[in-house]
Structure formats: structure tokens, C-alpha cells
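Colleague: Here's a structure for you.
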Amino acid sequence: MTTSSTTIRIATRASPLALWQAYHVRDRLLAADPQRPVELLQMSTRGDEILDRSLSKVGGKGLFVKELELALLDGRADLAVHSLKDVPMILAPEFTLAVVMERADPRDCLVSPRYRSLEELPPGARVGTSSLRREMTLRARFPHLVIGSVRGNVGTRLSKLDRGDFDALVMAAAGLQRLGMPERIAQILPPDIFLPAPGQGALGIETRAGDTAILAQLAHLEHAPTRAIVSAERAVSRGLGGSCEFPLAAYARIEADRLVLRAWAGSASRGEMLEVQEEGPVGEAEEIGLRAVQTLKSRGVERLIAGG
């Protein structure tokens, strides 16, 4: 199936951050071809609507993309823009991850009106997060803190912080930076302390598989180094059956012509994790991720994560 109109239609969630991402893609497309109209199809997803339960209990991050995929299938949209960390590790054959754009800041950050670092937070301070990965890292490194669940878009979470529900939040730095709120960041959390989620900070563009006309229009947005990095990271999650049901982190970087990957997975209920590092040529990104999976499995990670 190929696009049937001269207008490129972008499916997007309606949250402020998702709209920023969609407009960013629109602007890049218009800069490359000002004569080709680009429109946004704003949608609400189940992930946006269910705010009273954790993602691990209601279907995982795939809830943020299902409605957008339906719009692709029925022809209402030609492409969908996602935060790559929300994209399922295995796509249905009808779809393809057509583009991985250059990664922004992959790190997590502390947001707090009173405290400038995690180390400053006193015993009993309440820290909000929607991520099992962040929760487990906090519990392992800062056991004196009280960790609570906070869902919703960036503005919703910040409003809960500002009204006193929490003393601090741990969030993705890229979201605040993209929304023009870098001043809300109290502390950037380095990856050696807070290993990011697979694909965090990168944008992915999903299209119908085989839609050659749209694929050609998008080709200039692809960023090969980011594709390699996130391919290694996502291979770890895919190899372990990653969803939101157990905490997992994976972060790769390119050093000269080598790709270096660190990853961990664990059990939130047991408070245990196993960590691994693998490296190799950039062109073997997928294989590096799969080696990390095999190393983790050889150390017993499957028994560990089966415990939740």
C-alpha cells in the first residue's frame, strides 16, 4: 500500500511532548520539501487514558502506539512518531521502524523545587517515578527514600510535584529539554549511576511496511549511529522478552569504531539485578546486544526476572 495523497499525515499522541516530537518531524520534512503539505492527526491512546495503574499491570508501553498503528492501517495516517522507548521490541509484520532519528539526551534527571541532588534528599523523602527501572535503581542506591508511582504526561507529573505530592521526581531529561523547561532539572543523573532505558532520548518513525513512497520521503531523517546504538539496546530487551513487567536497562555508546553496551535486568520484588558489558564493531550492534542477553542468561537472569 502506498500513500494515496500528496499530503503526508502524521499520527501522534496529543500530549505536549508527543506534539513537540511530531511538529519536529513535520518541520524537518517541510525543510526538505516545502511544497509537500504535512498534517498532524492527534489521537488519544490507552496509555494516555489509564493513569491510575502502572503500565506493567495494563499492557505495557505498547498501549501508547496501538491506536496510532490502527490509523496507519486504515490509511488515516502515513507515519507515526514515537518516543523510541515506547515502541514495542517486535512490530507486527504490517509495520516497520522506518527511521531512527539522531538521539537527544538519553539520561535521567532529578526534578525537585527544594533539593539539588539525590544525595541531598533526607530519609523518608518521597520520590515519584513511573518506571520500574528507575524505582529499582533508587531502591538499590538510595534505600532511605520512599518511592511512589506517578503517571501522566510531563505537565501532569510536574503539577503533582508542585502541589506537594512528592519531594522530587526522576524523569527523562530529554522530555523537559524538548518542552523548553531545562530549568526544572535539578540534577542530571549520569549513566554510570542511572543506566537509561533502551532507546531513551531517541525518536522513531513507524510506517506501513512496503510503503515505498513514504520511506523515500523519510530517508534523510535516518541517523545511522543512533540506529546502531538503539539496535544493540533493543536487542537486549527483545532477547529477554522485555516489557514493563520487570526492570531492565540498556545503554550503548560509540567509542571510535567500537560500540560499548552496558545492560542490566533484575527482580523488583527481590531487589536483585545482574549487569553485563559487551562491545564490538559498530556494524555488529544487534549481535552485541544478543551476546549481552546470552551472558545474562548464563548467569541466571531468567530465574531472577521470573520472580517479578
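The values are calculated or read from the model by the stated rules, or taken from the named source; none is laboratory data. Keep in mind that this is a model prediction, so the values were computed, not measured. Note: ideal-geometry Cβ built from the backbone for every residue, glycine included; neighbour counts use all protein chains shown.
Colleague: For residues that are within 16 Å of ARG139 (Cα to Cα) and within 25 Å of the chain's Cα centre (by Cα), tally how many sit in region 110-122.
Modeller: Matching residues across region 110-122 total 3.
Colleague: SER117 - would you say it is surrounded by fewer than 22 Cβ atoms within 10 Å (Cβ to Cβ), of a type in the set (Gly, Ala, Ser) and in contact with a helix residue (DSSP H, G or I) (Cβ under 9 Å, 6 or more places away or on another chain)?
Modeller: So SER117 fails the test.
Colleague: Identify, please: which residue in region 177-199 is closer than 16 Å to LEU158 by Cβ and among the charged types (D, E, K, R) and is, among those, nearest to the chain's Cα centre (by Cα)?
Modeller: Checked region 177-199; the qualifying residue nearest to the chain's Cα centre (by Cα) is ARG178.
Colleague: Suppose the filter is modelled with pLDDT under 95, surrounded by fewer than 16 Cβ atoms within 10 Å (Cβ to Cβ) and under 20 Å from ILE193 (Cβ atoms); does GLY271 pass it?
Modeller: Criteria met by GLY271.
Colleague: Which of the residues spanning region 120-146 are surrounded by fewer than 18 Cβ atoms within 10 Å (Cβ to Cβ) and either in a loop (DSSP other than H, G, I, E, B) or among the aliphatic types (A, V, I, L, M) (or both)?
Modeller: Correct list: PRO122, PRO123, GLY124, ALA140, PHE142, PRO143, HIS144, VAL146.
Matching residues to (1) in contact (Cβ under 8 Å) with a residue 12 or more places away in the chain; (2) surrounded by fewer than 23 Cβ atoms within 10 Å (Cβ to Cβ); (3) under 30 Å from ARG36 (Cβ atoms):
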site: GLN217; (1), (2), (3): yes, yes, yes
site: GLU222; (1), (2), (3): yes, yes, yes
site: GLU233; (1), (2), (3): yes, no, no
site: ALA249; (1), (2), (3): yes, no, no
site: SER267; (1), (2), (3): yes, yes, no
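Colleague: I'd like to check something: does region 37-47 contain any residue that is of a type in the set (Gly, Ala, Ser), within 27 Å of VAL236 (Cβ to Cβ) and either assigned to a loop (DSSP other than H, G, I, E, B) or modelled with pLDDT of 90 or more (or both)?
Modeller: No, the conditions are met nowhere in region 37-47.
Colleague: Right, another one. Would you check which residues across region 274-283 are surrounded by 17 or more Cβ atoms within 10 Å (Cβ to Cβ) and not in a strand (DSSP E or B) and list them?
Modeller: Passing the criteria: only VAL282.
Colleague: Being under 11 Å from VAL236 (Cα atoms) and in contact with a helix residue (DSSP H, G or I) (Cβ under 6 Å, 6 or more places away or on another chain) is the filter here, so list the residues in region 253-273 that pass it.
Modeller: Of everything in region 253-273, those that are under 11 Å from VAL236 (Cα atoms) and in contact with a helix residue (DSSP H, G or I) (Cβ under 6 Å, 6 or more places away or on another chain) turn out to be LEU261, ALA263, ALA265.
Colleague: Go through region 100-152 and count every residue that is among the small types (Gly, Ala, Ser) and without any contact (Cβ under 8 Å) to a residue 12 or more places away in the chain.
Modeller: Selection size over region 100-152: 0.
Colleague: If you don't mind, there's one more thing I want to ask. May I ask you to list the residues in region 62-87 that are touching a helix residue (DSSP H, G or I) at 6+ places or on another chain (Cβ under 6 Å), surrounded by fewer than 22 Cβ atoms within 10 Å (Cβ to Cβ) and in a loop (DSSP other than H, G, I, E, B)?
Modeller: Matches in region 62-87: none.
Colleague: Also: Is it the case that region 274-284 has a residue that's farther than 30 Å from ILE147 by Cα and in contact (Cβ under 8 Å) with a residue 40 or more places away in the chain?
Modeller: Yes; the residues of region 274-284 include at least one that is farther than 30 Å from ILE147 by Cα and in contact (Cβ under 8 Å) with a residue 40 or more places away in the chain.
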